[in-house]
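The values are calculated or read from the model by the stated rules, or taken from the named source; none is laboratory data. Treat the numbers as computed from the prediction; the structure is a model and nothing was measured. Note that each Cβ is placed from the backbone with ideal geometry, even for glycine, and that neighbours are counted across all protein chains shown. Please note that ligands, DNA and RNA were not included when accessible areas were found on the heavy atoms of the full protein model with its side chains. Shrake-Rupley method; radii C 1.70, N 1.55, O 1.52, S 1.80 Å.
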Amino acid sequence: MDIAQPPIGHPALAPPAFGLLSYKSRESGKLYIRAMSNDKIGPERIIDAPETVGGLDFAIAESQIVFRINAIIDGRVVPMMATSKDNGESLTDFEPLDLTETPFKEFLPANTPVQLDHLGNPHIPVGAVDDSSFHLLDFIPGHVVTDSLVVDKQIRNHELLMAFPKKPDKVVNSLGVGNGLTDGAGIIATAISAGKIFSANSQSGGTHYPDPAFLNYDMPRVFALKATPCYTRGARPNTVSMDYLFIESDDDGTAISQNLWLETWDMPLPAPVAQAFSSRNTIIVELQNDGFFYPAGSTFTINDPAIQITNVRLEGERKAVVTCDSADLKGREITFESRNTFYYHSGTALVE
């Protein structure tokens, strides 16, 4: 199920115009969708699609919907997609994802639906395997496919591909690439291998992922994992959180109980890079990347208690002019915090 709403990191200013619900008949294997509008559910409609493993998932990005299936063709899993520009009333034919630039020939059905990043770009997770490894691919239709995460191949691999509220700089291109490594839109890739959780956080719109990190040093091994979309708790700056459900496993990844656990997982984000310059009794603070100043949500402090800040003026999302009651500003440290519903940035700069 998905509804037409702003992508992650944006406020919803009006009720959603529509939503879609999909399901699959276990008896026939056929796929169905129903439209939802206000308090009404539309009629059942059958989807023309090949045989699939699992059902039909999708993401609604304004007027366009991206649908994904894991088709079975000649006994192999073939990830396929279709689109709609009329709220799901009609779909294009399902076509295989163009994965020819990757070296993979064998694919597994991903258990994460299509995701939308901060800019509304769809990201289709694709599970691929080679002789020894499981790979989670991030397929951005019409743009690029990125090998986001690699772990040891196991009988069970549970993976996640989730967007988080990472706002890119306004001057980046439509993919939110930033500088290629950071300062872009955010996507987190996660996979379980032998009960261990591995994760890679893209800060460049899913076009680049760092090497995966082993996360659960201080957490139980997990058999299966399902998480909410990421959000800002406001407890710590430069942090993103997600709530997740998991079933505990032994060291081999086998489930050891029927208990369902709920945890909150806090992940660090890159700290904003700031520069500060003084001119007489003012400090100009400029953010270079990974942070923004928000009106009515930005505060500044100076590490010298004898110097008082008398006025703050924001000149755009990454520039602030801070007026002080002293001109003795060079060599001081200025610290800022900036937050709203979705973001909580903090950083320090030495005044030059």
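Multiplying the sequence separation of residue 154 and residue 310 by 0.36 nm and subtracting their Cα-Cα distance, what value in nm do you get?
Between residue 154 and residue 310, full extension yields an extra 50.1 nm.
Springs between Cα atoms under 10 Å define the GNM used for the chain, and in it the highest mean-square fluctuation of 219, 81, 36 occurs at 219. Residues whose amide H falls under 5 Å from that of residue 240, counting only those 5 or more places apart or on a different chain, are 267, 269, with hydrogens built in the peptide plane. Measuring only protein heavy atoms, the 1.4 Å probe finds residue 332 accessible over about 60 Å². Under a model in which nothing but the beta-carbon of Lys, Arg (+1) and Asp, Glu (-1) is charged, the range 303-352 shows a dipole of about 180 debye around its Cα centre.
In terms of the mean number of neighbouring beta-carbon atoms within 10 Å, the peptides 210-218, 224-232 order highest first as 224-232, 210-218.
Couplings for the range 18-33, taken from phi via the Karplus curve 6.51 cos²θ - 1.76 cosθ + 1.60 with θ = phi - 60°, read 6, x, 9, 10, 10, 7, 10, 7, 5, 6, 9, x, 7, 9, 9, 9 Hz in order; Gly and Pro are left as x.
Need the full-extension length gain, residue 39 to residue 213, defined as separation in residues times 0.36 nm minus the C-alpha distance. One decimal, nm. Mind dumping the intermediate values first?
Values: separation 174, 0.36 × 174 = 62.64 nm, distance 4.39 nm.
Computed gain between residue 39 and residue 213 is 58.3 nm.
Start at zero, step by 10 Å, and the Cα-Cα distances of the range 1-99 spread as 15, 46, 29, 9, 1 percent across the bins.
Rounded to the nearest angstrom and listed largest first, the equivalent-ellipsoid semi-axes of the range 54-128 from its Cα gyration tensor are 22, 14, 11.
Across 288, 258, 275, mean-square fluctuation computed from a Gaussian network of the chain (C-alpha pairs under 10 Å connected) peaks at 258.
For the range 208-315, the direction-averaged projected area of the alpha-carbon convex hull comes to 10.8 nm².
Spacing of the modelled spin labels on residue 76 and residue 352, each 7 Å from Cα toward Cβ, amounts to 5.5 nm.
Evaluated at 10 °C with a viscosity of 1.306 mPa s, what Stokes-Einstein diffusion coefficient in µm²/s does the range 190-229 have when Rh comes from the Kirkwood expression over alpha-carbon pairs? After rounding, the answer is 142 µm²/s. Note on residue 48 and residue 174: with the Förster distance fixed at 30 Å, the Cβ-Cβ geometry gives a FRET efficiency of about 0.45. Projected over every direction and averaged, the convex hull enclosing the alpha-carbon atoms of the chain yields 20.8 nm².
Using only Cα coordinates, the Kirkwood hydrodynamic radius of the range 272-335 works out to 11.8 Å. Amide H contacts of residue 290 (H built 1.01 Å from N, in plane; Pro and chain starts excluded): 183 sit under 5 Å, all sequence-distant by 5 or more or on other chains.
Overall, the range 72-119 carries a charge dipole of about 160 debye about its Cα centre when +1 sits on the Cβ of Lys and Arg and -1 on the Cβ of Asp and Glu, all other atoms neutral. Taken about its Cα centre, the chain carries a charge dipole of roughly 780 debye when the Cβ of each Lys and Arg holds +1 and the Cβ of each Asp and Glu holds -1. A simple spin-label model places the labels of residue 321 and residue 252 6.9 nm from each other, with each point 7 Å out along Cα-to-Cβ.
Please work out whether the range 171-266 counts as rounded, prolate or oblate from its C-alpha gyration tensor, where a ≥ b ≥ c are the square roots of the eigenvalues and a/c under 1.5 means rounded, while otherwise a/b larger than b/c means prolate and anything else oblate? Note, shape of the range 171-266 comes out prolate.
May I ask for the net charge around residue 55, where only other residues with Cβ less than 11 Å from the Cβ of residue 55 are counted and Lys, Arg are +1 while Asp, Glu are -1? Result for the local shell: +3. Applying the Karplus relation 6.51 cos²θ - 1.76 cosθ + 1.60 with θ = phi - 60° to the range 87-95 yields 3J(HN,Hα) values of 6, x, 5, 9, 10, 5, 5, 5, 10 Hz, where x marks Gly and Pro.
Of 85, 167, 40, the residue with the greatest mean-square motion in the GNM of the chain, using alpha carbon springs below 10 Å, is 40. Largest accessible area first, the listed residues 302, 188 line up as 302, 188 when surface is computed with a 1.4 Å probe on the assembled protein chains. Here the Karplus curve 6.51 cos²θ - 1.76 cosθ + 1.60, taken at θ = phi - 60°, turns the phi angles of the range 245-260 into couplings of 9, 8, 10, 6, 10, 8, 5, 8, x, 8, 4, 10, 7, 9, 6, 9 Hz, with x standing for Gly and Pro.
With 0.36 nm allotted per residue and the present C-alpha distance subtracted, the residue 275-residue 18 stretch has 88.0 nm of extension available.
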